[in-house]
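The values are calculated or read from the model by the stated rules, or taken from the named source; none is laboratory data. Every value quoted in this text rests on a predicted model; they were computed, and no experiment measured them. Every residue, glycine as well, gets a Cβ built from its backbone with ideal geometry; the counts of neighbours run over all protein chains shown. These area figures cover heavy atoms from the full protein model, side chains too; ligands, DNA and RNA do not enter into them. Shrake-Rupley method; radii C 1.70, N 1.55, O 1.52, S 1.80 Å.
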Amino acid sequence: GTIEDTRQRVQTCLDHGITDISIPDHIIGGVHRGKSPNAPWLAMWPTVMDIASKYEKANVGTLVASPLMRPAATLTVGAATVASIVGSDRFTLTVGAGGSQSDQDILGLDISRKELSKHFGEYLREIQ
């Protein structure tokens, strides 16, 4: 969807008392209101910052940032930057193992879930 679609969904959430807004970290995938399952997603960091800057009542976060797309150092710097701008009380970083098949396909990767899980603990240690 577009940033306008995302903003509208955020406003609807806030209107209903939902203040925790998480932004997915994928390149493609998911079905959004009848769109192609390969419809592009908005980039995570700019979308998190857009929502945080426009909606002061919104707590923002990542909906499992992906190690497939973000080396540990890059993720750490991005998260620290967002937390310093919006406040650590309004930002939550969540990280997944990178199991999205659609992301692997577009990145040209073929990593088993077992292999992803094996490296996940190491990745978490690197970002602490």
query: In the stretch 80-95, which residue that is touching a residue at least 40 places away in the same chain (Cβ under 8 Å) and out of contact with any helix residue (DSSP H, G or I) (no Cβ under 7 Å at 6 or more places or on another chain) is surrounded by the most Cβ atoms within 10 Å (Cβ to Cβ)?
result: THR92
message: Of the conditions (1) out of contact with any helix residue (DSSP H, G or I) (no Cβ under 9 Å at 6 or more places or on another chain); (2) open to solvent by 70 Å² or more (accessible area, probe 1.4 Å); (3) under 20 Å from HIS26 (Cβ atoms), VAL64 satisfies every one except a single condition; which number is it?
response: (2)
task: Evaluate the following for ALA52: is it without any contact (Cβ under 8 Å) to a residue 60 or more places away in the chain, part of a helix (DSSP H, G or I) and in contact with an Asp or Glu (Cβ under 8 Å, 6 or more places away or on another chain)?
output: no
- request: Among residues belonging to the stretch 1-27 that are open to solvent by less than 40 Å² (accessible area, probe 1.4 Å) and part of a strand (DSSP E or B), point out the one that is modelled with the lowest pLDDT.
  value: PRO24
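Per-residue answers, yes or no, for (1) of a type in the set (S, T, N, Q); (2) part of a helix (DSSP H, G or I); (3) touching a Cys at 6+ places or on another chain (Cβ under 6 Å):
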site	(1), (2), (3)
GLY61	no, no, no
MET69	no, no, no
VAL82	no, yes, no
SER88	yes, no, no
ASP103	no, yes, no
LEU109	no, no, no
query: Taking into account only those residues within the stretch 28-37 that are surrounded by fewer than 18 Cβ atoms within 10 Å (Cβ to Cβ) and under 29 Å from VAL77 (Cα atoms), which is modelled with the highest pLDDT?
result: ILE28
query: Somewhere in the stretch 99-107, is a residue at pLDDT 95 or above, farther than 28 Å from GLU4 by Cβ, open to solvent by 80 Å² or more (accessible area, probe 1.4 Å) and not charged (D, E, K, R)?
result: no
